[in-house]
1. If the label point is 7 Å along Cα→Cβ of residue A:64, which residues in the stretch A:91-132 have backbone nitrogen under 14 Å from it?
2. What is the Cα radius of gyration of chain A over 2.2 N^0.38 Å, N being its residue count?
3. Please compute, for peptide B:181-189, the average count of beta-carbon atoms on other protein chains lying within 10 Å of each residue's beta-carbon.
4. Per the Cauchy relation, a quarter of the hull surface: what is the mean projected area of the convex hull of the alpha carbons in the stretch B:124-195, in nm²?
5. As an exercise, find the ratio Rg/Rh for the stretch A:121-205 from alpha-carbon atoms, using the Kirkwood inverse-distance average for Rh.
6. Once the convex hull of the alpha carbons of the stretch B:59-201 is built, what does its volume come to per residue, in cubic angstrom?
7. How shielded is B:146-156 by partner chains, expressed as the average number of their Cβ atoms within 10 Å of its Cβ atoms?
8. Where does each of A:140, B:94 land when they are ranked from fewest to most other beta-carbon atoms within 10 angstrom?
Amino acid sequence: MKLNSTRLVIATAMLLAGGNAAEAHIVAARLGDFYMGVVHPLTDLQDVVLWTATGVLAGTLGAAKGRWLIALFPLGLLVGLLLGQVFGAASTQLADAAMMLAIGLLLAAAAQVPTVLLCAMAFAVAVIRGAANGADLAPETDRLLFAAGLTCVGYAAITLTMALTAVFKRTNSDSATSWRAIAVRALGGWIAAIGLMMASLALAP
Amino acid sequence: MSLRLPLPLTTAIVSFALTQPALAHEQAGVAGGLVSGLLHPVTGIDHLIAMVAVGIWGAQLGAPAIWILPITFPLVMAIGGVLGVLHVPLPMPEVMIAVSAVILGVAVAARLRLPFAAAALVVAVFAIFHGHAHGAELPRAANALAYGVGFVTATGLLHLCGIAIGTLTRWPAGERLIQGLGAGIAAIGCYFLAQGVGAFA
């Protein structure tokens, strides 16, 4: 038994010693650029805040309005990625801040946003963030695989956020002053405040 | 089964286990901005007590103040932050921040029941001064978004902390405790006010 333990420890030590370095972007592996497209927006604070804000806004408005985003948001990411490739990289900091402020204020006010406006805002967010995600690509990156990864994660993230928000808020049954509705509105106020701070810091001399 | 590892082997295993993590994005300033934003509202005692006092007073006032304040307060404070970042001057900011602690502390201690509009106006004016101070003092190297996320989160959590403390008003003993806390906040505010007007110089 003692010999087995020793062997186990030696084997563990050898495995640890022979382990390769961890790579967050597995660019060297097959389909690595697909995973890069998946992970890239999830490690960027702008994407996390804006995607969450858009999903929460759509979720609060209910499934009937929000379901359009399931197709529109990934499509917008794709369009943004293409536009970014054609027109080159540009700073999106001010546009990000403006979208955060607008979406945050709508959430805080619990505004009943028309479907067309919701779709337009979500598409704008997707285009801006798609272009920003495509700006950092290295020449050797497979654009098609990266775009596929980005689109898939966009679809998954927006759908999941909308669904979770709709379930949390229980749109049809809760009143405007229930704690769930207030929590969502407070989150909106925080997002708007973050957007405002970010805009001022971007414009600061 | 006894598992006794020789020291060199233990050292080797620990060394491999403690290898550094891989980072997907090396966004310079993100972590620094987040930490700066989170710490800024909690490192100044005068700011901290005023934020908590707003939450307690909101809880004492009840609806609609208790639910409107968490929604609007960080936003109004961010407006003050914008003025600070853009170096728009406000009159006597340090004195006004100390005055805010005194007045909010007295309001809590006296269970002051103002009409909602008047209470909101008082809190909004003070929020702008607090936000201005944070905006004017922020580190230039900080990542803008990360700083904003940290700053707003810390402010909101302090405010929620005050509301949580304010729920003690449901019990008579809790009410007295909170009134004592309000008096303490007002006293600390008086100290900062005296310091602000140069009484200790």
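1. Taking a point 7 Å out along Cα→Cβ of residue A:64, the residues of the stretch A:91-132 whose backbone N falls under 14 Å are A:112-116.
2. On the way: Rg = 21.1 Å, N = 205, 2.2 N^0.38 = 16.6 Å.
Scaled against compact globular proteins, the figure is 1.27.
3. Mean partner-chain Cβ count within 10 Å for B:181-189: 0.
4. For the Cα atoms of the stretch B:124-195, the hull's average projected area reads 6.2 nm².
5. 1.10
6. 112
7. On the way: counts 3, 4, 15, 9, 2, 3, 10, 3, 0, 2, 5.
So the per-residue partner count for this stretch is 5.
8. Details: A:140 7, B:94 15.
Fewest-to-most ranking of A:140, B:94: A:140, B:94.
Each reported figure results from applying straightforward, stated rules to the coordinates on display, with no laboratory input. Because the structure is predicted, anything quoted here is derived from the model rather than measured. Backbone-built Cβ (ideal geometry, glycine too); neighbour counts: all protein chains shown.
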